[in-house]
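Student: I'd like to ask some things about the structure below.
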Amino acid sequence: MEMDTDATSIFTVTGGRGARGGRGGRGRRGGRGGGEGARKRGRQEMTEPKGQQEEEVQIDLDAYRRGEVELGEKIITVDFDVRVFEELDFKSLARYLIKYCQKQWFNSSEMADIILAQDYLGSAIKEEGEVEMFGFISCVPFRAHVEKECMQQIRKFVLTKAPSHSVSVWENLLDTTSLGLLLNYRLLNVPHDLAPELHVTIYEEIEWAVEDGKPFQFTDFLYITRYGHQDAGAKGGEQGEVKRGKGGRGGVVENKDWFMAEDAIYYKHATNSFTTPITHSETRVIMHFKAEKVPAILAEIRSYITENFVW
């Protein structure tokens, strides 16, 4: 896909802590090896359940947000690194993406290959000194890969789940030549205070990719994420458009328990969005937001996380 390398970005990113190692070409994040360029971004005290050291540590979301993580006798401290992707991240990426389209089969291996091929963009969250991923963030130019199976599956998923009266709106969005697919995932026991730098960094890297002549000159973004219900016993997540206040904007709806705190801010600034149920306690939300909203989104993410999740 041809693009104008002289075009200027529609959003301006500030808050330079997101740059890992500063502006310095391909080596600015430590290269593909990811080791030396990785920088510690967060520390979380977690409980290691007795006799379950090899299993994933599951933390109650409400207790985690209150800082009351008490699942066993042994407290472990985890230092998190934010690193450049490595080839060994393929299995983790494919595993985390496998349910991206819910019950519809999704070629997560193909998407993982796309992410890893973009060695100039994206972040993997890992425990310091370890190789296993706890989460990641990336962004893919939708139209540049539109012929690939995984992108066609996303297109089908969005258009089949969208409310019937708005299918044409979402179809037009997916046909936009300057659409970015934001991919963002973290396990529940990863601290929210990593979010501001993760998101500042990804948009900085998008701007750098544009300067390098890559097809990342986005005017719109598609973001698919999920939330839980504070009252899991209540029936929730019926398919439909998210209700908003005047002008299409609104605050955080009280019965939505966002697994990643920054999603509340993306939801607030979304131009269009709709939901579809995953289980009785989880709902998928599909959002569209404009690139021009990015500066406000980043500022509010930093403010929201600082006020609510940094102790």
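Student: For the pair residue 156/residue 87, report the inter-label distance in nm, with labels modelled 7 Å from Cα in the Cβ direction.
Tutor: Between residue 156 and residue 87, the simple spin-label model gives 3.1 nm.
Student: For an R0 of 25 angstrom, estimate the FRET efficiency from the Cβ-Cβ distance between residue 95 and residue 292 and round to the nearest 0.05.
Tutor: Details: r = 34 Å, r/R0 = 1.38.
Efficiency at R0 = 25 Å is approximately 0.15.
Student: What distance in nm lies between label points placed 7 Å from Cα along the C-beta direction at residue 310 and residue 166?
Tutor: In this crude label model, residue 310 to residue 166 measures out at 3.3 nm.
Student: Under the Karplus relation 6.51 cos²θ - 1.76 cosθ + 1.60, θ = phi - 60°, what is the ordered set of whole-Hz ³J(HN,Hα) values for the stretch 217-228, x standing for Gly and Pro?
Tutor: 7, 8, 10, 9, 10, 10, 9, 10, 9, 8, 9, x
Student: Using modelled amide H (1.01 Å from N, peptide plane; none on Pro or chain starts), what sits under 5 Å from the amide H of residue 81, excluding residues fewer than 5 places away?
Tutor: Residues meeting the criterion, in which the H sits 1.01 Å from N, are 41, 126, 127, 128.
Student: If you don't mind, there's one more thing I want to ask. Highest first, please rank the peptides 206-219, 91-104 by the mean number of other Cβ atoms sitting within 10 Å of their residues. Present the calculation step by step, with values, prior to reporting the outcome.
Tutor: On the way: 206-219: 18.4, 91-104: 16.7.
Descending mean neighbour count gives 206-219, 91-104.
Student: Determine ³J(HN,Hα), in whole Hz, for all residues of the stretch 139-150 in sequence, where each value follows from phi through the Karplus function 6.51 cos²θ - 1.76 cosθ + 1.60 and θ = phi - 60°; x replaces Gly and Pro.
Tutor: Values, residue by residue: 8, 10, x, 4, 5, 5, 10, 4, 7, 6, 4, 4 Hz.
Student: Something else: Please compute the length gained on full extension between residue 175 and residue 113, using 0.36 nm multiplied by the number of residues separating them and subtracting their Cα-Cα distance. Walk me through the numbers before you get to the answer.
Tutor: Values: separation 62, 0.36 × 62 = 22.32 nm, distance 2.27 nm.
Value of the extension gain: 20.1 nm.
Student: Quick check: pseudo-label points 7 Å beyond the Cα along Cα→Cβ at residue 79 and residue 271, how many nm apart are they?
Tutor: Between residue 79 and residue 271, the label points sit 4.4 nm apart.
Student: Still on this model: Once amide H atoms are placed 1.01 Å from N in the peptide plane, what residues at a sequence separation of 5 or more from residue 229, or on another chain, have their amide H within under 5 Å of its amide H?
Tutor: Those qualifying (amide H under 5 Å, at least 5 residues apart or on another chain) are 257.
Student: Taking a ≥ b ≥ c as the square roots of the eigenvalues of the Cα gyration tensor of the stretch 157-213, is the shape rounded (a/c under 1.5), prolate (a/b larger than b/c) or oblate? Could you put the intermediate results ahead of the total?
Tutor: Values: a/c = 3.92, a/b = 1.38, b/c = 2.84.
Oblate is the answer for the stretch 157-213, as a/c is 1.5 or above yet b/c matches or exceeds a/b.
Student: Report the Cα centroid-to-centroid distance between the stretch 130-188 and the stretch 205-221 in angstrom, as an integer.
Tutor: Cα centres, the stretch 130-188 to the stretch 205-221: 17 Å.
Student: Run the accessible area of the stretch 83-185 with a 1.4 Å probe and give the carbon-and-sulfur part as a rounded percent. Please list the in-between numbers first.
Tutor: Working: 2120 of 4190 Å².
That share works out to 50 percent.
Student: When the Karplus curve 6.51 cos²θ - 1.76 cosθ + 1.60 is applied with θ = phi - 60°, which whole-Hz ³J(HN,Hα) does each residue of the stretch 151-167 get, with x for Gly and Pro?
Tutor: 6, 5, 5, 5, 4, 4, 4, 4, 6, 7, 8, 5, x, 4, 6, 10, 4
The values are calculated or read from the model by the stated rules, or taken from the named source; none is laboratory data. From a predicted model like this one, the values you see are computed outputs, not experimental measurements. Don't worry about glycine lacking a Cβ; one is built from the backbone with ideal geometry, like all the others, and counts go over all protein chains shown. Note: accessible area is taken over every heavy atom of the protein model, side chains too, but ligands, DNA and RNA are not part of it. Shrake-Rupley method; radii C 1.70, N 1.55, O 1.52, S 1.80 Å.
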